[in-house]
Amino acid sequence: MITTLLNAVNRTLACDDFGKLLLRLVVGGLMLFHGLHKLFDGVDGISAMLVAKGLPGFIAYGVLMGEVVAPVLLILGVLTRPAALVLAFTMVVAWLMVGLDKTAALDKTGAWAIESLVYFFVAGLAIAFLGAGKYALGTKSSWQ
């Protein structure tokens with residue numbers, strides 16, 4: 001009885017391409033909120049952090065690649081693997097810029113202080129390994 005039920009559930013939910021689409025939409029969509037904030041309000045805060053660390057401030061515009069362009073590509077399913085890697089790299093840079101001292105800390109609600117950075121990093125890697133799936137605009141495999 002239980003085996004029959006589990007087999008039915010497994011058959012019903014065996015939709016790998018839909019799972020890939022859902023992952024792309026959620027990860028890309030949630031990261032896009034971060035990027036749109038920087039797109040509309042500017043990257044001055046990030047630029048100031050870079051300058052304080054002895055780096056050129058113009059590098060801050062790279063965040064728009066990782067938080068606007070890459071998420072849009074993920075949502076569309078175009079150049080999905082490279083876009084996912086750009087997003088993951090952006091999270092490494094964000095961790096080095098603002099999260100390094102929070103790596104062993106909890107926030108005020110008890111969650112890991114760099115939880116969202118790790119979420120986006122691992123999700124980016126997962127998408128890079130999984131690819132876009134069949135529900136993507138980049139229909140040729142090299143563009144997914």
*For Leu50, which of the numbered conditions (1) out of contact with any Pro (no Cβ under 8 Å at 6 or more places or on another chain); (2) more than 26 Å from Phe129 (Cβ to Cβ); (3) touching a residue at least 24 places away in the same chain (Cβ under 8 Å) fails to hold?*
(1)
*Within segment 94-126, can you find the residues that are closer than 22 Å to Lys20 by Cβ and surrounded by 14 or more Cβ atoms within 10 Å (Cβ to Cβ)?*
Ser116, Val118, Tyr119, Phe120, Phe121, Ala123, Gly124, Leu125, Ala126
*Kindly indicate whether any position in segment 1-20 is touching a Leu at 6+ places or on another chain (Cβ under 7 Å), within 17 Å of Thr90 (Cβ to Cβ), of a type outside the set (A, V, I, L, M, F, W, C) and surrounded by 14 or more Cβ atoms within 10 Å (Cβ to Cβ).*
no
*Answer yes or no: is there a residue in segment 87-107 that is touching a Gly at 6+ places or on another chain (Cβ under 9 Å), under 14 Å from Val27 (Cβ atoms) and touching a residue at least 40 places away in the same chain (Cβ under 8 Å).*
yes
*Counting only residues that are in a helix (DSSP H, G or I), more than 17 Å from the chain's Cα centre (by Cα) and touching a residue at least 40 places away in the same chain (Cβ under 8 Å), how many does segment 108-144 have?*
1
_Residue satisfying all of: in segment 41-93; outside any helix (DSSP H, G or I) and not small (Gly, Ala, Ser); surrounded by the most Cβ atoms within 10 Å (Cβ to Cβ) among these_ = Val43
*Does any residue of segment 31-46 turn out to be in contact with a helix residue (DSSP H, G or I) (Cβ under 7 Å, 6 or more places away or on another chain) and touching a residue at least 60 places away in the same chain (Cβ under 8 Å)?*
yes
*Is it fair to say Val98 is modelled with pLDDT of 90 or more, over 29 Å from Ala132 (Cβ atoms) and either assigned to a loop (DSSP other than H, G, I, E, B) or not acidic (Asp, Glu) (or both)?*
no
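The values are calculated or read from the model by the stated rules, or taken from the named source; none is laboratory data. Note that this is a predicted model, so its numbers are computed, not measured. Counting neighbours? That spans all protein chains shown, and the Cβs are built from the backbone with ideal geometry, glycine included.
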